[in-house]
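Worksheet: one structure, shown below.
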Amino acid sequence: MRLNVTRMAPADFGQYKCFAKNSMGLVVGDFHVNERDPRLATPPPLQGGRTSGASFGTHSPRLQSEEDLCPPQPQCPECPANHTAGGVTELRCHSSGYDWSRNLHSEGLELPNKASWVGYPRNRSLNCKLYAVGKAVYMGSTSAVLSSWMRDALPVTEAAAEQFWSTKPTADSVLYEYVNKTAFRGPHPTREIKLPQPFQGNSHVVYNNKFFYASTTGRMVRLDLQKNDWKDMEVPYLGGRLYKNRLNVMDFNVDDNGLWVIYNLKDSNNTVVMKVEPFEAELHAQYAWNISINNHLVGEMFIVCGVLYVVDSVEENTNIRFALDLYNNRVLKDVDLPFTNPFFNTTMLGYSHRHKELYSYDKGNQLTYPVRYHVIDDDKAGKEDKGEPEASARVETGVDVDS
């Protein structure tokens with residue numbers, strides 16, 4: 001891999017370090033950049049007689065061809081015509097790892113405290129479909145597996161757009177604030193914010209200068225980071241922990257359309273996606289989708305442009321093979337995106353529409369993934385772009401206020 005830097009100034013000259021890290025270990029390169037005399041064919045030697053940088057750690061292996069590294073794999077056998085429903089073969093052949101067999105009707109589901117559903121969010125800011133997820137970009141690391149890191153996707157000031165936040169499992173009543181990327185990579189936070197209730201898990205978000213998280217009592221909490229006031233809300237029909245790793249009871253997500261919460265439906269393996277109104281004085285549940293995806297069979301989920309994407313695994317290099325358009329209640333076709341877990345233990349995954357990237361926490365490593373998507377025009381898009389309803393997936397939508 002080669003990095004070409006085409007524009008440099010005298011202020012850029014000096015000492016640099018290059019970090020390469022993956023599940024095999026860490027290698028640090030130490031090199032010096034100085035001005036090149038255009039009359040010389042090669043750069044002048046460094047002070048002390050060195051002509052190249054120094055490397056620390058295990059050197060990279062010798063260059064090998066792709067055929068040596070990845071020989072052709074044997075073809076998997078075709079699924080039998082009469083595979084048994086409900087068994088392992090059913091999961092692999094019929095539903096690609098997802099269990100669509102359970103459907104729980106959402107008619108009659110009521111919100112706590114006699115509240116009403118605000119209503120179906122009919123208009124979205126952007127209609128798009130992912131077509132590429134890039135390789136992971138290393139941002140930093142900590143020693144804790146269940147920490148989190150966040151940036152505000154809807155900052156209220158230019159200064160807030162530069163800020164970072166993080167949590168640590170050893171301090172479940174503290175949110176750490178960093179004024180910029182340099183401070184975030186340093187050993188000490190800019191500010192420590194005391195939380196009104198301890199948090200659970202690490203799938204939190206900062207949105208519009210407010211911190212949204214799941215409390216240890218199973219309530220959704222919103223803390224205003226400027227005014228320091230807070231509100232909480234009971235999550236309707238909240239079940240047990242999510243996904244294969246069972247680390248979180250709620251998975252908060254933000255996209256162009258606002259705030260979403262993913263959780264397990266009580267007394268079921270179904271997945272609930274709830275749209276939340278985050279800006280009013282009180283927290284309100286706008287609408288909820290009851291989806292027959294067994295979330296305990298998948299690694300993670302995230303939302304982009306109002307589309308729910310499912311990651312097969314967070315313990316190996318895997319794929320994103322399922323996407324459900326929540327606004328049109330359609331399964332999008334031809335979704336098969338490679339997704340890398342460089343350290344094989346992703347415990348947090350979300351999307352930032354401001355930066356057009358996924359961000360994750362993978363075995364203590366803070367990573368980002370650039371994404372690319374097609375913008376879909378509802379008036380011009382064909383059925384192939386929009387997706388078609390499929391019998392293998394069933395969506396039971398929440399109760400509209402007009403129902």
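Among residues of the range 320-347 that are at positive phi, those with a Cβ under 9 angstrom from a residue that is open to solvent by less than 30 Å² (accessible area, probe 1.4 Å), sequence gap 6+ or separate chain, pair up as N329/W289; D334/G387; F344/V314; F344/D362.
Only one of these conditions is not met by S392: (1) at pLDDT 50 or above; (2) open to solvent by 30 Å² or more (accessible area, probe 1.4 Å); (3) among the hydroxyl-bearing types (S, T, Y); (4) in contact with a Ser or Thr (Cβ under 8 Å, 6 or more places away or on another chain). Which number is it? Of everything listed in (1) at pLDDT 50 or above; (2) open to solvent by 30 Å² or more (accessible area, probe 1.4 Å); (3) among the hydroxyl-bearing types (S, T, Y); (4) in contact with a Ser or Thr (Cβ under 8 Å, 6 or more places away or on another chain), S392 misses just condition (1).
Taking the range 262-314 as the range and being in contact with a strand residue (DSSP E or B) (Cβ under 9 Å, 6 or more places away or on another chain), closer than 24 Å to G119 by Cβ and acidic (D, E) as the test, the residues that pass are E277, E282.
Okay, residues lined up against (1) open to solvent by 60 Å² or more (accessible area, probe 1.4 Å); (2) under 20 Å from D229 (Cβ atoms); (3) of a type outside the set (S, T, N, Q); (4) free of Cβ contacts under 8 Å to residues at least 60 places away in the same chain:
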site: V133; (1), (2), (3), (4): no, no, yes, no
site: S147; (1), (2), (3), (4): no, no, no, no
site: A160; (1), (2), (3), (4): no, yes, yes, yes
site: K168; (1), (2), (3), (4): yes, no, yes, yes
site: R185; (1), (2), (3), (4): yes, no, yes, yes
site: H188; (1), (2), (3), (4): yes, no, yes, yes
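The residues of the range 177-197 that are more than 13 Å from G140 (Cβ to Cβ) and part of a strand (DSSP E or B), listed by number, are E177, R191, E192, I193, K194.
Return yes when Y138 is closer than 20 Å to K210 by Cβ and of a type outside the set (V, I, T) and no when it is not. Here the answer is no, as Y138 does not meet what is asked.
Checking the conditions here, which among A159, A144, A136 is over 18 Å from K363 (Cβ atoms) and of a type in the set (A, V, I, L, M)? Give the steps one after another, and end with the answer.
On the way: A144 fails: over 18 Å from K363 (Cβ atoms); A136 fails: over 18 Å from K363 (Cβ atoms).
Exactly one of A159, A144, A136 is over 18 Å from K363 (Cβ atoms) and of a type in the set (A, V, I, L, M), namely A159.
One residue stands out among those in the range 298-354 that are small (G, A, S) and closer than 21 Å to R124 by Cα: the one that is surrounded by the fewest Cβ atoms within 10 Å (Cβ to Cβ), which is S352.
Take the conditions (1) more than 30 Å from F184 (Cβ to Cβ); (2) open to solvent by 10 Å² or more (accessible area, probe 1.4 Å); N295 misses just one of them, which is (2). Of the residues making up the range 260-268, one or more are closer than 20 Å to G201 by Cα, in contact with an Asp or Glu (Cβ under 6 Å, 6 or more places away or on another chain), open to solvent by less than 10 Å² (accessible area, probe 1.4 Å) and modelled with pLDDT of 90 or more. Among the residues examined, I303 does not qualify as more than 13 Å from the chain's Cα centre (by Cα) and under 19 Å from N248 (Cα atoms).
The number of residues in the range 208-248 that are outside any strand (DSSP E or B), within 17 Å of the chain's Cα centre (by Cα) and surrounded by 22 or more Cβ atoms within 10 Å (Cβ to Cβ) comes to 3.
Quick check: is even one residue across the range 254-273 among the small types (G, A, S) and within 23 Å of N328 (Cα to Cα)? Checking the range 254-273: at least one residue is among the small types (G, A, S) and within 23 Å of N328 (Cα to Cα). Among the residues of the range 276-287, those identified as in a strand (DSSP E or B) and either aromatic (F, W, Y) or open to solvent by less than 10 Å² (accessible area, probe 1.4 Å) (or both) are V276, A285, Y287. Mind checking which residues of the range 4-29 are within 20 Å of N345 (Cα to Cα) and open to solvent by less than 60 Å² (accessible area, probe 1.4 Å)? Hits for the range 4-29 are A20, G25.
Assess whether Y178 counts as being open to solvent by 10 Å² or more (accessible area, probe 1.4 Å), in contact (Cβ under 8 Å) with a residue 60 or more places away in the chain and either touching a helix residue (DSSP H, G or I) at 6+ places or on another chain (Cβ under 6 Å) or within 29 Å of S125 (Cβ to Cβ) (or both). So Y178 does not fit the description; no.
The values are calculated or read from the model by the stated rules, or taken from the named source; none is laboratory data. The structure displayed is predicted, hence computed values, not measured ones. Note that each Cβ is placed from the backbone with ideal geometry, even for glycine, and that neighbours are counted across all protein chains shown. Note: accessible area is taken over every heavy atom of the protein model, side chains too, but ligands, DNA and RNA are not part of it. Shrake-Rupley method; radii C 1.70, N 1.55, O 1.52, S 1.80 Å.
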